[in-house]
Amino acid sequence: MDVLNSRTLLIPDDPEVTTAFYRDTLGLAVYRDFPGGTVFFLGGGLLEIVGKGGGARTPDVALWLQVRDLTVTLAELRQKGVWPDREPRREAWGLDEAWLSDPDGTRIVLVEVPPDHPLRTDVRPG
């Protein structure tokens with residue numbers, strides 16, 4: 001398989017509300033708009049809000065968003081009326097995570113990588 005591009009698709013119950021949440025509340029930059037959808041930059045990937053869903057959600061899907069400063073990010077979101085479903089904590093794997101949900105209940109995992117974590121540390125031999 002030769003993958004040339006990829007994106008995550010969310011099919012919300014209310015496209016306008018969900019698009020506004022990702023654009024205005026989370027502040028994601030728009031990659032492009034098209035009739036029936038919006039594509040957002042999502043770090044190294046893309047998130048597309050498209051179509052109209054039927055309300056069936058699964059807790060087995062989550063968006064993993066790495067942020068520079070989890071405390072600052074959560075303070076900014078609280079000012080916009082968004083409260084985490086789970087407050088930040090250090091996970092067993094060493095990442096600091098907080099959870100929130102979009103208007104359709106899709107879990108969003110906000111992650112800060114601590115300075116001494118292997119994801120930030122060059123572990124190659126010198």
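Figures for the structure shown
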read-out	value
Per-residue [θ]222 nm for the chain (sum of -39500 (n - 2.57) over DSSP H runs n ≥ 4, rounded to 500)	-3500 deg cm²/dmol
Three-way shape call for region 1-69 based on the alpha-carbon gyration tensor, with the a/c threshold at 1.5	rounded
Contour minus Cα-Cα distance for residue 83 and residue 24 (0.36 nm per residue)	19.7 nm
Most mobile of 116, 24, 104 in a GNM of the chain (Cα contacts under 10 Å)	116
For q = 0.12, 0.17 Å⁻¹, Debye-computed log10 I/I(0) when each Cα of the chain counts as one equal scatterer	-0.52, -0.96
Extension gain from residue 8 to residue 75, taking 0.36 nm per residue of separation minus the Cα-Cα distance	21.5 nm
Among 19, 71, 38, residue whose mean-square fluctuation peaks in a GNM of the chain (springs only between Cα atoms under 10 Å)	71
Positive minus negative residues near residue 21 (Lys, Arg vs Asp, Glu; Cβ under 13 Å)	-4
For the chain, accessible area per residue (1.4 Å probe, heavy atoms of protein chains only), Å²	64
Pairwise label distance in nanometres, residue 1 with residue 91, each label 7 Å out on the Cα-Cβ vector	2.2
Residues in region 46-64 reached by a label modelled at residue 111 [backbone nitrogen below 18 Å; 7 Å Cα→Cβ]	46-47, 60-64
Sparse-neighbourhood loop sites, GluC sites (Glu not before Pro) in region 35-126 - DSSP loop, at most 16 other Cβ within 10 angstrom	91
Tilt relative to the chain, helix 70-79 - C-alpha long axis, 0 to 90 degrees, to 10	30
Neighbourhood net charge (14 Å Cβ-Cβ; Lys/Arg +1, Asp/Glu -1) for residue 38	-2
Loop-resident sites, region 30-122, for chymotrypsin sites (Phe, Trp or Tyr not before Pro), counting at most 13 other Cβ within 10 Å (DSSP)	93
For the chain, built as a Gaussian network whose Cα springs stay under 10 Å, the top-fluctuating residue of 82, 72, 50	72
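The values are calculated or read from the model by the stated rules, or taken from the named source; none is laboratory data. In this text, all values refer to a predicted model and were calculated from it rather than measured experimentally. Reconstructed Cβ throughout: ideal geometry from the backbone, glycine too, with neighbour counts over all protein chains shown. The area values use the complete protein model at the heavy-atom level, side chains included, leaving out ligands, DNA and RNA. Shrake-Rupley method; radii C 1.70, N 1.55, O 1.52, S 1.80 Å.
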